[in-house]
Amino acid sequence: MIKEKEVKVIIGTHTWQEAALVADVAKEAQVPVISFAAPAITPPQMPIRWPFLIQMAKNGSEEIKCIADIVHAYGWQRVVAIYEDEPYGGDSGKLELLSEALQNVGSEIEHRLILPPFSFLPDPERVVQEELDKLLIKYNLGFLSFFSHR
């Protein structure tokens, strides 16, 4: 799917297990993976095993600024933000921080797709795929996603 959809970069794994799995797949396609996660202890062979894995700062506002910088580097002026609604409300202010950071680099969020909490869905993968298919028909923009840590 990475080659078929011409993925340029993967942003946003939250656990080290997710980061390692995605980095293994991305290595084959030579696509950078930018992860929010970090291992408890950095494996000594990490740069060799996952040469396309980039760890972002653990500070939320630094992560958002880094995402905005990546959007700017790719020349995306408009993006679609995709995120999971948290069961207890809110997105922890991430979208407001992202919107501001994007404006600072001359970009903006053109559309927001809010998905229901995955824990409430019988088949979250199907729901996400259906929504992504709709977006791909309507938008030819960069897609940014924020999902829960579950």
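The values are calculated or read from the model by the stated rules, or taken from the named source; none is laboratory data. Because the structure is a prediction, the values reported are computed rather than measured. Reconstructed Cβ throughout: ideal geometry from the backbone, glycine too, with neighbour counts over all protein chains shown. Heavy atoms of the whole protein, side chains included, go into the accessibility calculation; ligands, DNA and RNA do not. Shrake-Rupley method; radii C 1.70, N 1.55, O 1.52, S 1.80 Å.
Quick rundown of the values:
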| quantity | calculated |
| --- | --- |
| Given (1) farther than 25 Å from TYR139 by Cα; (2) surrounded by 15 or more Cβ atoms within 10 Å (Cβ to Cβ); (3) modelled with pLDDT under 80, number of the condition ASP85 does not satisfy | (1) |
| Count of residues meeting criterion [modelled with pLDDT of 70 or more, small (Gly, Ala, Ser) and farther than 19 Å from VAL9 by Cα] in the range 25-48 | 0 |
| Condition check for LEU102: farther than 22 Å from LYS5 by Cα, at pLDDT 85 or above and open to solvent by less than 60 Å² (accessible area, probe 1.4 Å) | yes |
| Meets criteria (surrounded by 14 or more Cβ atoms within 10 Å (Cβ to Cβ), touching a Lys or Arg at 6+ places or on another chain (Cβ under 9 Å) and at pLDDT below 85) for PHE118 | yes |
| Count - residues of the range 98-107 that are under 10 Å from TRP76 (Cβ atoms) and either of a type in the set (Asp, Glu) or touching a strand residue (DSSP E or B) at 6+ places or on another chain (Cβ under 9 Å) (or both) | 2 |
| Single residue of the range 49-70 satisfying the filter (in a loop (DSSP other than H, G, I, E, B) and open to solvent by less than 80 Å² (accessible area, probe 1.4 Å)) that is modelled with the highest pLDDT | PRO51 |
| Some residue of the range 1-17 being loosely packed, with under 15 Cβ neighbours inside 10 Å, at pLDDT 80 or above and closer than 18 Å to CYS66 by Cα | yes |
